[in-house]
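The values are calculated or read from the model by the stated rules, or taken from the named source; none is laboratory data. Bear in mind that the values here come from a model prediction, so they are computed numbers and not experimental data. Glycine also receives a Cβ, built like all others from the backbone with ideal geometry; neighbour counts cover every protein chain displayed. All accessible areas refer to the heavy atoms of the entire protein, side chains included, with ligands and DNA or RNA removed. Shrake-Rupley method; radii C 1.70, N 1.55, O 1.52, S 1.80 Å.
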There are 2 protein chains.
Amino acid sequence: MQIVIIGSGNVAYHMAKAFRLNGISLAQIFGRNEKELSKISEELNIPYSTEYLEDADLYIICVSDNSVGEVSKMITKKNCLVAHTSGSLPKENLSGEYRKASFYPLQTFSRSKELEYDKIPFFIETENEEDTKTLFKLASSISKNVMESTHEKRKYIHLTAVFACNFVNHLFSRAKEISDAQEIPFDYFLPLIDETVQKIHEIEPKQAQTGPAVRNDLRVLELHEQLLQDEESISIYKTMNHSIQKMYEL
Amino acid sequence: MQIVIIGSGNVAYHMAKAFRLNGISLAQIFGRNEKELSKISEELNIPYSTEYLEDADLYIICVSDNSVGEVSKMITKKNCLVAHTSGSLPKENLSGEYRKASFYPLQTFSRSKELEYDKIPFFIETENEEDTKTLFKLASSISKNVMESTHEKRKYIHLTAVFACNFVNHLFSRAKEISDAQEIPFDYFLPLIDETVQKIHEIEPKQAQTGPAVRNDLRVLELHEQLLQDEESISIYKTMNHSIQKMYEL
């Protein structure tokens, strides 16, 4: 099977790398950003192009949601399978006469961070059983964790991921702003952060909640609001405490 | 040195256990909740009382901030050291004629979750060098990570911890609500959550940000707001996205 990856961002890079590490050869990596493509091409030993899209059986589109529709129009071939990697778009967002699919890896991809690909859950949706089998086999060569998912479900998976990953990371950014301003090394907080996550492998997060809001410690809540300077952090502080207190009916 | 721990909650339990595991014997664990005390006493083989406070050289008060002042008044002895474990109270909140100290473990303590005590940062503040040495030695028997900290700094350490731990855990709770409602197993998200945290051991959180807000993907942000039902989750969603977009000047 000839496979082409379209895109040159973090998802494209890690997808290509995951395939390569698992012995699946790629016919091409295609995109607009020649600088990025040539770097990926060199590292992973995959041909690249910014102009000529290689003939393939499967195209995996790894570009931002906004660009999926436009990019998918470049594939004029009919007898092939085209998948996007978006958590929120329907496969019908792909625009062409080929067979359409969704191939969604539930993970946060940063270019410079190595990943254990075999733990990434993959969610697959296609138009027919044979394509499902094809993508299942392909994803299973990377990961132990491959499932089917409708678009309806995938939207909620993505939404949950935004809370559990994107917002969590932003809390780390805001936390670091606070500690940086006081010249407190952020490393101090890493054991606490690690434990916060280890805990929810064993306990329901709702049972694991600690801190001033769930203790209804109004004195500390007020003190903290006074310590905070930044408008956004104050807004996060109030919103999160309100939500905690609602959840525990305090 | 005779040491007494006051309290019967999560901090008291783990503090007592950490001492016991490191061969430091405790003269007593003292508190109001006989049921909890007797359980801790039995598990860790430490005498307990709800009435008679044992004579000691060091009392470590592990109760909620609101109770520290009141509880500290029970110690009528003068020639002794009394420390609380609060992140936000000054040591002067302790009310008595003894020497006062802060002995703050930066960690989230849940009763049923085992902990690696040697990684917990301890922050110490006392009235004189000798007491600092005493508490340093004691904390160092548990942890490799012992530091001095003023009350001023400790307040900010605690505030940072609220963002990096308490709020993060609450995001996990809200995330799980969303996935539970769609019958999506929360286990799917654990590799993503683990990676979110592993990342910030290597990359600055501000560089590690992914997701629709930092991509300025307004279509997804709008879609997600429509999917959310719960008022608190909507409020969190909007607040966090706003804060992300401000941080990246989008």
Checklist entry - Quick check, is A:ASN93 modelled with pLDDT under 95 and open to solvent by 10 Å² or more (accessible area, probe 1.4 Å)? => result no
Checklist entry - Any idea which residue in the stretch B:208-237 is farthest from the chain's Cα centre (by Cα), counting only those that are buried (at least 16 other Cβ atoms within 10 Å of the Cβ) and charged (D, E, K, R)? => result B:ASP217
Checklist entry - Quick one: how many residues across the stretch A:183-206 are among the acidic types (Asp, Glu) and either open to solvent by less than 20 Å² (accessible area, probe 1.4 Å) or in contact with a Phe, Trp or Tyr (Cβ under 6 Å, 6 or more places away or on another chain) (or both)? => result 1
Checklist entry - Out of the stretch A:90-106, which residues are in contact with a helix residue (DSSP H, G or I) (Cβ under 7 Å, 6 or more places away or on another chain) and without any contact (Cβ under 8 Å) to a residue 60 or more places away in the chain? => result A:ASN93, A:LEU94, A:SER95, A:GLY96, A:ARG99, A:LYS100, A:ALA101, A:SER102, A:PHE103, A:TYR104, A:LEU106
Checklist entry - Looking at (1) touching a Leu at 6+ places or on another chain (Cβ under 6 Å); (2) under 30 Å from B:PRO105 (Cβ atoms), which is the only condition B:LYS176 fails? => result (1)
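Would you check if B:ALA161 is in a helix (DSSP H, G or I) and surrounded by 23 or more Cβ atoms within 10 Å (Cβ to Cβ)?
When the stated conditions are applied, B:ALA161 passes them.
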Next on the checklist: With the requirement that a residue be free of Cβ contacts under 8 Å to residues at least 12 places away in the same chain, over 19 Å from B:GLU152 (Cβ atoms) and more than 7 Å from chain B (Cβ to nearest Cβ), what does the stretch A:193-230 give you?
Outcome noted: A:GLN198, A:GLU204, A:GLN207, A:LEU218
Checklist entry - In the stretch A:1-50, what residues are over 23 Å from the mean Cα position of the chain (by Cα) and of a type in the set (Phe, Trp, Tyr)? => result A:TYR48
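Going by the conditions given, is A:LEU37 in the same structural domain as A:HIS84 (by TED's automatic domain parsing), open to solvent by less than 70 Å² (accessible area, probe 1.4 Å) and touching a Gly at 6+ places or on another chain (Cβ under 7 Å)?
yes
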Item to check | Which numbered condition A:PHE167 misses (of (1) in contact with a Leu (Cβ under 6 Å, 6 or more places away or on another chain); (2) open to solvent by 30 Å² or more (accessible area, probe 1.4 Å)) | outcome: (2)
Checklist entry - Residues in the stretch A:72-82: is at least one part of a helix (DSSP H, G or I), within 14 Å of another protein chain (Cβ to nearest Cβ) and surrounded by 14 or more Cβ atoms within 10 Å (Cβ to Cβ)? => result no
Checklist outcome for this item: Checking A:LYS246, A:LYS238, A:LYS144 in turn, the sole residue that is touching an Asp or Glu at 6+ places or on another chain (Cβ under 6 Å) and more than 7 Å from chain B (Cβ to nearest Cβ) turns out to be A:LYS144
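Among the residues of the stretch A:174-192, which ones are on the phi < 0 side of the Ramachandran plot and either of a type in the set (Lys, Arg) or more than 7 Å from chain B (Cβ to nearest Cβ) (or both)? Write out each step before concluding.
Keep residues of the stretch A:174-192 that are on the phi < 0 side of the Ramachandran plot, which gives A:174-182, A:184-192.
Those that are on the phi < 0 side of the Ramachandran plot and either of a type in the set (Lys, Arg) or more than 7 Å from chain B (Cβ to nearest Cβ) (or both): A:ARG174, A:LYS176, A:GLU177, A:ASP180, A:ALA181, A:PRO185, A:PHE186, A:ASP187.
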Checklist entry - Hey, among A:GLY87, A:GLY23, which residue is assigned to a loop (DSSP other than H, G, I, E, B), assigned by TED's automatic domain parsing to the domain that holds A:LYS133 and open to solvent by 10 Å² or more (accessible area, probe 1.4 Å)? => result A:GLY23
Next on the checklist: Name the single residue that is nearest to A:TYR156 (Cα to Cα) among those in the stretch B:160-180 being without any contact (Cβ under 8 Å) to a residue 40 or more places away in the chain and of a type in the set (A, V, I, L, M).
Outcome noted: B:ALA175
Checklist entry - Going through the stretch A:111-125 one residue at a time, which ones are closer than 20 Å to A:GLU92 by Cα and open to solvent by 20 Å² or more (accessible area, probe 1.4 Å)? => result A:GLU125
Checklist entry - Within the set of pairs 6+ apart or on separate chains, which have a first residue in the stretch A:124-150 that is in contact (Cβ under 8 Å) with a residue 24 or more places away in the chain, a second that is open to solvent by 60 Å² or more (accessible area, probe 1.4 Å) and part of a loop (DSSP other than H, G, I, E, B), and C-beta atoms under 6 Å apart? => result A:SER141/A:ASN22; A:ILE142/A:ASN22
Checklist entry - Is it true that some residue in the stretch B:36-45 is assigned to a loop (DSSP other than H, G, I, E, B) and at negative phi? => result no
Item to check | Failed item in (1) among the small types (Gly, Ala, Ser); (2) within 7 Å of chain A (Cβ to nearest Cβ); (3) in contact (Cβ under 8 Å) with a residue 24 or more places away in the chain; (4) more than 19 Å from A:LEU106 (Cα to Cα), with B:SER233 passing the rest | outcome: (2)
